[in-house]
1. For Asn32 and Phe63 in the same chain, what is the full-extension length gain: residue separation times 0.36 nm, less their Cα-Cα distance, in nm?
2. Work out the P(r) tail for the range 1-79: percent of alpha carbon pairs separated by more than 20 Å, whole number.
3. Please list, ordered by chain and number, the residues whose modelled amide H lies under 5 Å from the amide H of Leu164; skip anything fewer than 5 residues away on the same chain.
4. Take the alpha carbon atoms of the range 17-71, find their center, do the same for the range 75-102, and report the distance between the two centers in whole angstrom.
5. Peptides 24-31, 92-99, 106-113: what's the order by average Cβ count within 10 Å, highest mean first?
6. Ignoring ligands and nucleic acids, what accessible area does Asp165 show with a 1.4 Å probe (Å², nearest 10)?
7. Using the Cα atoms of the range 1-136 to build a convex hull, what is its mean projected area in square nanometres?
8. Please give me the summed charge of the neighbours of Tyr163: other residues whose Cβ is under 12 Å from its Cβ, Lys and Arg +1, Asp and Glu -1.
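The values are calculated or read from the model by the stated rules, or taken from the named source; none is laboratory data. A quick note: this is a predicted structure, and the numbers were derived from the prediction, not measured. Because the Cβ atoms are built from the backbone with ideal geometry, glycine has one as well, and the counts that use them run over all protein chains shown. Areas reflect the complete protein model, heavy atoms only, side chains present, ligands, DNA and RNA absent. Shrake-Rupley method; radii C 1.70, N 1.55, O 1.52, S 1.80 Å.
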Amino acid sequence: ALNAKDRLFRYVIDPVGFAEFAKAEEFSEYVNYVIQPSYNLHLQMGLLRTTMSGKQLEEPMSFRNFFSGRILWDEAMASAASTWCANNPDGLMFGLVGADHVKFGKGINGRFERLAKGKYSSATLILNPTGTDSRPAGNMNTMIEESSREKLYAQRLTLQLRYLDEGISKKSVGATEKELRAPQTTGGVLAFSDYIVVNNAGDYIVG
């Protein structure tokens, strides 16, 4: 029987890179904006008393376990894609996954780019996004606004996720919100997606 370490290596082909990927400042902002709200929504909906394998839990899954499962899931998919590309250098792979696994570039796509090391290229395309897709999960005001699916305001899409400069973030304790929003504190931004495709551009109002 495989021990825990051997089982992990079946899904994670680059354990050092896997660990380093989570240390960047932009990844911390991604976790706060994408993964933590997703966990909160799952918790509110009562979906965290069962593991993905169907095992019943006495208590709701902790954020630590939810987070670990999410990043392992993304890493495993990226590892599988990278391995396939290595074995099929003339091939073309398409991955159809939920937006949470690719938006803002720190899910499967960012991990694939890390593993590819420039040998293969990739692009992320999100179909018919709404404000709900580009905002933290559980933003009920956005969900209510778009429940009728009548008009979707393009300016309500969050196309960039700003993160603080690493040096600033480590000194941000006690800093005011205004100070942290100053341009000089910006470390960079994460793009929502490489491409966005919509069925009917007329459904999106720009203004």
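1. Numbers: separation 31, 0.36 × 31 = 11.16 nm, distance 1.17 nm.
Taking Asn32 through Phe63 to full extension adds about 10.0 nm, to one decimal.
2. In whole percent, the share of Cα-Cα pairs in the range 1-79 beyond 20 Å is 41.
3. Gly187
4. Each part reduced to its Cα centre gives a spacing of 22 Å.
5. Per-residue mean Cβ counts within 10 Å order the peptides as 106-113, 24-31, 92-99.
6. Ignoring ligands and nucleic acids, Asp165 comes out at about 60 Å².
7. 9.9
8. -3
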